[in-house]
Amino acid sequence: MKLLSFDIDGTLEVGDPPGLITMDMVRQAKHLGCLIGSCSDRPLSDQRRIWEMHHIIVDFTVLKHRLAELKAQFQADIYYHFGDTDMDHFYARQAGFHFVKADATVRQAWDSAGFF
């Protein structure tokens with residue numbers, strides 16, 4: 001079981017600024033059995049609204065500085081946080097997550113099924 005946490009702004013295509021991770025990529029991860037959700041500076045209500053607008057049922061929404069609490073709530077074999085900033089990297093490492101830079105490299109790996 002993998003847990004995938006996504007920052008929104010600069011990471012997801014629906015962020016401000018838009019990122020390279022598409023909502024279809026998130027749907028694919030959910031379909032493959034991953035636990036998915038967002039970990040962002042945005043208020044939880046905004047995060048939930050984004051997922052609802054795109055008809056994606058997530059397992060969690062959490063504020064970025066509470067990423068460690070998320071790990072305590074879910075049992076997984078591996079924990080990933082996708083983000084685009086040094087703060088994403090900081091919080092991911094602090095919480096014991098693997099940080100994945102949301103850039104063209106991860107997009108290529110995802111598209112070639114190399115991520116899963």
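Based on this model, can you work out whether ILE57 counts as in contact (Cβ under 8 Å) with a residue 12 or more places away in the chain, surrounded by 15 or more Cβ atoms within 10 Å (Cβ to Cβ) and of a type in the set (Val, Ile, Thr)? For ILE57, the condition - in contact (Cβ under 8 Å) with a residue 12 or more places away in the chain, surrounded by 15 or more Cβ atoms within 10 Å (Cβ to Cβ) and of a type in the set (Val, Ile, Thr) - is not met. VAL14 meets the conditions (1) free of Cβ contacts under 8 Å to residues at least 40 places away in the same chain; (2) among the aliphatic types (A, V, I, L, M); (3) out of contact with any strand residue (DSSP E or B) (no Cβ under 9 Å at 6 or more places or on another chain) in every case but one. The failed one is (1). Does at least one position in segment 12-22 carry a residue that is acidic (Asp, Glu), assigned to a loop (DSSP other than H, G, I, E, B) and at pLDDT 95 or above? Within segment 12-22, one or more residues are acidic (Asp, Glu), assigned to a loop (DSSP other than H, G, I, E, B) and at pLDDT 95 or above. Give the residues of segment 53-87 that are at pLDDT 95 or above, of a type in the set (Asp, Glu), under 24 Å from MET1 (Cα atoms) and more than 14 Å from the chain's Cα centre (by Cα), sorted by residue number. Passing the criteria: only ASP77.
The values are calculated or read from the model by the stated rules, or taken from the named source; none is laboratory data. Quantities reported herein were computed from a predicted structural model and do not represent experimental measurements. Cβ coordinates were reconstructed from backbone atoms using ideal geometry, including for glycine residues, and neighbour counts include every protein chain displayed.
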